[in-house]
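Worksheet: one structure, shown below.
The values are calculated or read from the model by the stated rules, or taken from the named source; none is laboratory data. Nothing here was measured: the structure is a model prediction, and the numbers come from that model. Cβ sites come from the backbone with ideal geometry, for glycine too, and all protein chains shown count toward neighbours.
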């Protein structure tokens, strides 16, 4: 089998109004994510499976969604293609909860084609989340992309710019100072290495609750990081990123007209939507709602010389 030959295909049937790019947006770090991106209407996602490396391609086709798998792990990703596309996302009861606030009700209608993906994989999202801890988005992406390219391994399939995420074993064996030129200080580098050493146990978690317990038991990983991971790995619609720099302000502004909020206010305002609190935050982000900004931007730092 050649590198460009699809191992198998699967036809998926999304609901009317389904929006592929919006639904898989959470799986990409930027338009230039080395492991996942949307190009010419097709979503490309590189990953590792128990059967080996794989690339999944998802593209609309005559009202359906065509899934193509490449590489040794093709069958594995095809079996989960509907979940990765967000088609296993359960919206039961959300329409009724959304009516608790006119903004949420409006966004639920306007973004009804948005679904939450569930990759079934913890470590790839954990890698990114650790880099995102307490830094700007640009710093986080720079560190993430540089790390993936440091361990450079081309993904199978025809989309040649795509790279596989690094293996946990390779990350765990890398000295912390290797990450310094990528803009990562020792604290986050050590957290990443600890998490990588425990990746096998993390991948065996059966649900959000178990994964959250195991994640937060690792020094350097708190509720924010755990929520970022389980929302993607398990498609948890209730996962709220407590401790986020922006989300409390966004929710306070959107739901109460208050320009600033803290975690307590965040949870108070989201209480009527329990079971779908993370979904509400996702809808606010999809709509581009932001609280007023005050003060200077956070500076971009570098650890390359230290």
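Do we find a residue being closer than 30 Å to residue 183 by Cα and either in contact (Cβ under 8 Å) with a residue 24 or more places away in the chain or surrounded by fewer than 23 Cβ atoms within 10 Å (Cβ to Cβ) (or both) anywhere in the range 102-117? Yes, the range 102-117 contains a residue that is closer than 30 Å to residue 183 by Cα and either in contact (Cβ under 8 Å) with a residue 24 or more places away in the chain or surrounded by fewer than 23 Cβ atoms within 10 Å (Cβ to Cβ) (or both).
Listed here are the residues, each with its yes/no results for (1) in the same structural domain as residue 156 (by TED's automatic domain parsing); (2) over 23 Å from residue 129 (Cβ atoms); (3) surrounded by fewer than 18 Cβ atoms within 10 Å (Cβ to Cβ).
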site	(1), (2), (3)
34	no, no, no
39	no, yes, yes
45	no, no, no
49	no, no, no
56	no, no, no
75	no, yes, yes
78	no, yes, no
81	no, yes, no
85	no, no, no
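Looking at the range 236-245, can you tell me whether even one residue there is closer than 23 Å to residue 142 by Cβ, at pLDDT below 95 and surrounded by fewer than 17 Cβ atoms within 10 Å (Cβ to Cβ)? Yes, the range 236-245 contains a residue that is closer than 23 Å to residue 142 by Cβ, at pLDDT below 95 and surrounded by fewer than 17 Cβ atoms within 10 Å (Cβ to Cβ). Checked against the criterion of being closer than 18 Å to residue 177 by Cα and either surrounded by fewer than 20 Cβ atoms within 10 Å (Cβ to Cβ) or modelled with pLDDT under 95 (or both), the candidates 151, 131 yield just one match: 151.
Those residues that are buried (at least 22 other Cβ atoms within 10 Å of the Cβ) and either more than 22 Å from residue 186 (Cα to Cα) or touching a strand residue (DSSP E or B) at 6+ places or on another chain (Cβ under 9 Å) (or both), I need them from the range 201-235; list them, please. The answer is 211, 227, 230, 231, 232, 233, 234, 235.
Yes/no matrix, rows are residues, columns are (1) in contact with a helix residue (DSSP H, G or I) (Cβ under 6 Å, 6 or more places away or on another chain); (2) more than 15 Å from residue 120 (Cα to Cα):
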| site | (1), (2) |
| --- | --- |
| 16 | no, yes |
| 21 | no, yes |
| 25 | no, yes |
| 34 | yes, yes |
| 39 | no, yes |
| 46 | no, no |
| 66 | no, yes |
| 73 | no, no |
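Does residue 112 fit the bill of being part of a loop (DSSP other than H, G, I, E, B) and under 21 Å from residue 274 (Cα atoms)? Yes.
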